[in-house]
Amino acid sequence: MNESLDTAVEYEQHKLLWEKFRVGDKASFGILTEKFYRPLYNYAMKLTRDDEFAADCIQDLYLQLWERRSFLGKSENVKSYLLRAVRNKIIKESIRLRRFREPEDLDFIAEKDVPIELEIVATESERQKIDHLKKLLGELSKRQQEIIYLRFYQNLEFAEISEVMGLTRQSVANLLHRTIRDIRSKWIIPFFFCILLDCIRL
């Protein structure tokens, strides 16, 4: 079974659980909340530096979902629906608590972590590349950082990112293309000189 088929089967399982949850199945709701808590928390912590606030927003969201389950519609992609919901929750609560005034003030904290396994096995030159990539990600706009996170850390497709960020699919594609182009343009030059220096040493 290939990866795309695995994903399709998983989507269908999530949709089935969602439909059972909508009619009051507590067990299905419990599976969904447990399944998506970590992705939601990881995303929430990119939107706020307050871990208690992030956890509270997710808990409030889960409570609201259960209370309003009979009013909820069908969901073609439960994960992107929940990511969008927690994003909106953080914006709404932040404005209510006067953390900021407008939705556009939403922060995004650049992804600076890499898997520990990669750090352990990386050679010195690879560590330099990792450090350089972290620096480049930190220089992106908040929206660019967010789209990189959703695409490559949450593994969302364009349509899913569109739902989460409230952008058109074309806008998502354009923004991601521009972001990757910006990273590549800043990546090539420094490492051209690294390669040149290695050649000189030889």
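Computed from the coordinates by the stated procedures, all read-outs in this text should not be read as laboratory data. Keep in mind that this is a model prediction, so the values were computed, not measured. Cβ placement follows ideal geometry from the backbone for every residue including glycine, while neighbour counts extend to all protein chains displayed.
Quick notes
- Our coupling estimate for the stretch 34-46, obtained by passing each phi through the Karplus curve with A = 6.51, B = -1.76, C = 1.60 and θ = phi - 60°, is 5, 4, 9, 4, 5, x, 5, 5, 4, 5, 4, 6, 7 Hz, Gly and Pro reported as x.
- In plain terms, the chain from A173 to E67 could stretch by 34.6 nm, reckoned as 0.36 nm per residue minus the Cα-Cα distance.
- Working from Cα pairs under 8 Å separated by at least six residues, relative contact order for the stretch 1-107 is 31 percent.
- Taking the Cα atoms of the stretch 15-82, the ratio Rg/Rh between the radius of gyration and the Kirkwood radius comes to 0.98.
- The stretch 11-63, relative contact order [Cα under 8 Å, separation at least 6], %: 23
- Ranking of S141, S70 by count of other Cβ atoms within 10 Å, fewest first: S70, S141
- Between E102 and L16, the simple spin-label model (points 7 angstrom out along Cα→Cβ) gives 4.7 nm.
- For E157 and E76, the difference between the fully extended length at 0.36 nm per residue and the C-alpha to C-alpha distance is 27.9 nm.
- Label-to-label distance, nm, for residues given as K26 and I109 (7 Å Cα→Cβ offset): 3.5
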